[in-house]
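Below is one structure, written out as structure tokens, with a few remarks after it.
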Amino acid sequence: MMSEKNRYIDKLDDWKSEYLPRLEKSRIYLSLKEDCAHTDVEVTALIENAVAYSIQRTKTIIKHMGEYTLHDDVHLFRVLYLMERLLSKDTIDSLSIPERMLLILSAFFHDIGMAPDEREVVTWQKIWDVIPDIEDETEQDLFDQFKRFYTARPEQQEIIEWLTEQGKNAEISVIKSYWVTQFIRQTHADRAREIIDKDWNGKIVYRDTDLTVELANICHSHNEDAVKLLEFDKNYLCGSNTYACLPLVGIILRLADILDFDAKRTPAILYSHLYVRNPVSIKEWEKHRAIENWEINTETIQFSTKCTHPAIEASIHEFCNLIDQELSVCNNIISSLNEFNKSRSRNISIKLPFKVNREKIETKRNIYNQPIYTYRDTKFNLSKRQVIDLLMGTKLYGNPEIALRELLQNSIDACLLRQAQEVKWKNIYVPEITVKYYSEGKDEILEVSDNGTGMDQYIIDNYYSKVGSSFYKSTDFFNLKSESNADFTPTSRFGIGILSCFMVADTLIVDTKRKYAPDESGNAINVTVEGQDSIFWIKPSKRTNAGTTTKLILRKTRHPWDKMSDDDFIKSVENVVPNPPLKINIETSKQKKVRDENSFREVTAEALKDYSWAENENIRTFEISIEKPENGIIGSAIAAVLESQGKPMKKIDLSSINIIVEGENYTLDKRLWLSENSIKQDSHSITVNDEGGISKDSSTSGLTTSKSRFSLHGIEIPTTLFPESWRMKTSQVKIKWPFPLILVVDICGNRDLDLNSPRTEIIMSEKWMSFEEELAFIICSGIANAVTNDYWKELKAILIEETNNDLFLRGLNKVIVE
């Protein structure tokens, strides 16, 4: 079968009339052609073949992607022209033939991965089919790649579901196209490498030196951090006394690419306007991206445009910020290259501007010379001090013990993620967490350490240090979860918990090392934070194993564990993690205790009984073991119903006596009755008052009242499932069943619930409704299995009559007795 390269080269003559005149406008190409005219004509032929190939390849870009456009040959030529604007004529002429050759080839090959085959795009779009029709293994691999990308962005799925409910099919099409395009953009550098390897391996040659790998690495580098260029060879030998400075080629490529306003990117500002009330079309962005006029040379970078929408203007400024950042990094690298070249007597000195001149980025004006809108870079911003006050105050984190819970749940998530990775790598791994409370000199220390995935500088910069940016809600996490087939629901989800540490400590010390692969870990780092407003003090660490240790130097004033006995501290940790999914060591200066996944069996509903649950001949209790890990629910329960003479009752009159005192008739009685979440007793009696008269008294009391101890993925939720109405917050859940219940439950596996920000309360949602219905089914099944069919029928009729809770009734009606 003829390769794509050969098919394109067969059409070389057809394309010469189109691309050669444009190529010959390039100073780099003309300079190269002149120097190769006598001894290296094969280089010119290679360039022409490569340009023909890339142009034809870009013309195969898929056309059925809504209003989104990818790259074409216009962008490729523009990158080439921008390259020479960044290099003076003298500099271009002083570059070696391999350097000029790599500059041209990288301009035309760096985005070749933006042109996937039509089959690839069609396969990716099957992610939205109810039953995807996958034809073979190759298509399955393509489908799985995009599935991992898309499932790592659950918020986008929610957007599409919402638009579907609204019947907004056009908007759905735009969003779907956007994410296919984003996938192409995100993976295009890797795809470019694959294409170069497939069609050009061994063909990118200067004399006897094969530069295919170097070209592939340069093309790939434009999608990586610029600092990676420092790893490239500054003086790559290409023949006798002929060298190529590979970092220089990489710098010029990435700057020329981004100066064409990096057409691979759609700004976040613009994306937020795609399907709002006043949407901004991607076509409109593409039009402005072209820019009316620009001046780019070694002294100045200036863009001139008149914007028609504030999102467009903000996007252009956003890109200028990005260009400024690139210029800053690249100028630093260039300085090192200039020094390097001086020591080798190469007369190459590269000079670049330091910032973009934005004076001519303006708002479009109407015929009366008035701006069509007022541009201000105004959007929602958070006041750091006020947010921290909110988080640290009683409004959110009212209980300072939450600091321990936040540290433990972070460690648990890190261990579960590493466990999934180690299983994939076929390594033996035993997850373990240690909680210590001890003295160090005059300081009291709370320390939580784990052997989980650990952190590196990237995680610290992008998640750990950013309030509200949770790693476990990020695409980075979902990508890792997908790659490792991790099957757990993280408990860390809001990205604000670490600040709770400053409720109990003024200094936070983190020692960490990240695990990347079976035999690869990041550099160990030590981070000290002295207060929530402190600059992070980052130092190298001597840590050898992956994982994280967090030390809180507790405040000298009273903290939650101050004056606690060793037993009390151990108990407080056990309360935070009633059902840990892994081994947790709890240590004080005098005691040690281990808690693991088997410890939850010791925590039963029986332990929550109080005096109100004393034995009563008219109250029948049912002990129910809940072992439904496949449904995400484990624990135990005790339910109580009224019973008289072996039959269920909704109320029982225990006694009624009429007595006459001083000629007046009094009725004395007592009754029990089923109520919401309790069995109550009321009575009427008489007493002699201080004046010797008779007083009538009536009283109501709860004999058995519902209680709960609840945890989510092993971590305690400290509020009851049976709150008094006056204590309930908006959207907080409450179980309202027609009988009392003691409940000790952990939600595990893939079942999850929605929580408020401090993770102290469960919020009403579809997840809760599904859980309550399933719980009602489990409890009612436990009761039904303990009684006769006739008893159950009578009790069921009473329960239906005594409640209007639809979730309970649905669970109740699912119970089938034989």
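Quick rundown of the values:
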item	result
All positions within segment 66-81 that are at pLDDT 75 or above and open to solvent by less than 30 Å² (accessible area, probe 1.4 Å)	ASP73, HIS75, LEU76, PHE77, VAL79, LEU80
Lone unmet requirement of (1) in contact with a His (Cβ under 8 Å, 6 or more places away or on another chain); (2) over 30 Å from THR475 (Cα atoms); (3) at pLDDT below 85 for ARG358	(3)
Only one of ILE584, ILE619 that is among the β-branched types (Val, Ile, Thr), in contact with a Ser or Thr (Cβ under 8 Å, 6 or more places away or on another chain), modelled with pLDDT of 90 or more and farther than 17 Å from LEU408 by Cα	ILE619
Criterion violated by ASN665 - all others in (1) modelled with pLDDT of 90 or more; (2) open to solvent by 70 Å² or more (accessible area, probe 1.4 Å); (3) part of a strand (DSSP E or B) satisfied	(1)
Selected residue [open to solvent by less than 40 Å² (accessible area, probe 1.4 Å) and over 16 Å from the mean Cα position of the chain (by Cα)] from SER470, SER474, SER449	SER449
Selection within segment 764-789 - among the hydrophobic types (A, V, I, L, M, F, W, C) and open to solvent by less than 40 Å² (accessible area, probe 1.4 Å)	TRP768, PHE771, LEU775, ALA776, ILE778, ILE779, CYS780, ILE783, ALA784, VAL787
Residue satisfying condition, being surrounded by fewer than 21 Cβ atoms within 10 Å (Cβ to Cβ), modelled with pLDDT under 95 and more than 16 Å from SER678 (Cα to Cα), within set ARG759, ARG727	ARG727
Candidates ASP117, ASP144, filtered to the one that is closer than 30 Å to LEU255 by Cα and open to solvent by 10 Å² or more (accessible area, probe 1.4 Å)	ASP117
Pair list, Cβ under 8 Å, 6 or more apart: segment 137-149 residue within 16 Å of THR187 (Cβ to Cβ), other residue among the acidic types (Asp, Glu)	LEU142/GLU120; ARG148/GLU483
Test result for ARG555, surrounded by fewer than 19 Cβ atoms within 10 Å (Cβ to Cβ) and among the charged types (D, E, K, R)	yes
Pairs with Cβ under 6 Å, 6+ apart, first in segment 106-119 and polar (S, T, N, Q), second part of a helix (DSSP H, G or I)	SER106/ILE218; SER106/CYS219; SER106/LEU253
Contacts under 8 angstrom Cβ, first residue in segment 501-517 being among the small types (Gly, Ala, Ser), partner part of a helix (DSSP H, G or I), 6 or more apart	ALA505/ALA403
Yes/no for ALA189 being closer than 24 Å to THR58 by Cα and either assigned to a helix (DSSP H, G or I) or not hydrophobic (A, V, I, L, M, F, W, C) (or both)	yes
Where a residue in segment 760-785 is closer than 13 Å to LYS734 by Cα and its partner, wherever it lies, is acidic (Asp, Glu) and buried (at least 22 other Cβ atoms within 10 Å of the Cβ), with Cβ under 7 Å and at least six apart	none
Qualifying residue in segment 793-804 (condition: without any contact (Cβ under 8 Å) to a residue 60 or more places away in the chain and under 21 Å from THR604 (Cα atoms))	no
Qualifying residues in segment 594-653 (those that are among the polar types (S, T, N, Q) and open to solvent by 70 Å² or more (accessible area, probe 1.4 Å)) - the one farthest from ASP566 (Cα to Cα)	GLN645
Elements of type strands (runs of 3 or more DSSP E) in segment 226-313, at least 2 residues being at pLDDT below 85	293-296, 301-307
Total residues in segment 165-184, condition open to solvent by less than 20 Å² (accessible area, probe 1.4 Å) and over 20 Å from the mean Cα position of the chain (by Cα)	4
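Yes/no per residue for (1) modelled with pLDDT of 70 or more; (2) open to solvent by less than 50 Å² (accessible area, probe 1.4 Å); (3) out of contact with any helix residue (DSSP H, G or I) (no Cβ under 6 Å at 6 or more places or on another chain):
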site	(1), (2), (3)
SER17	no, no, yes
ARG22	yes, no, no
LYS33	yes, no, no
MET83	yes, yes, no
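The values are calculated or read from the model by the stated rules, or taken from the named source; none is laboratory data. For clarity, every value in this text was computed on a predicted model and none was experimentally measured. Heads up, the Cβs are rebuilt from the backbone with ideal geometry, glycines too, and the neighbour counts pull from every protein chain shown. These area figures cover heavy atoms from the full protein model, side chains too; ligands, DNA and RNA do not enter into them. Shrake-Rupley method; radii C 1.70, N 1.55, O 1.52, S 1.80 Å.
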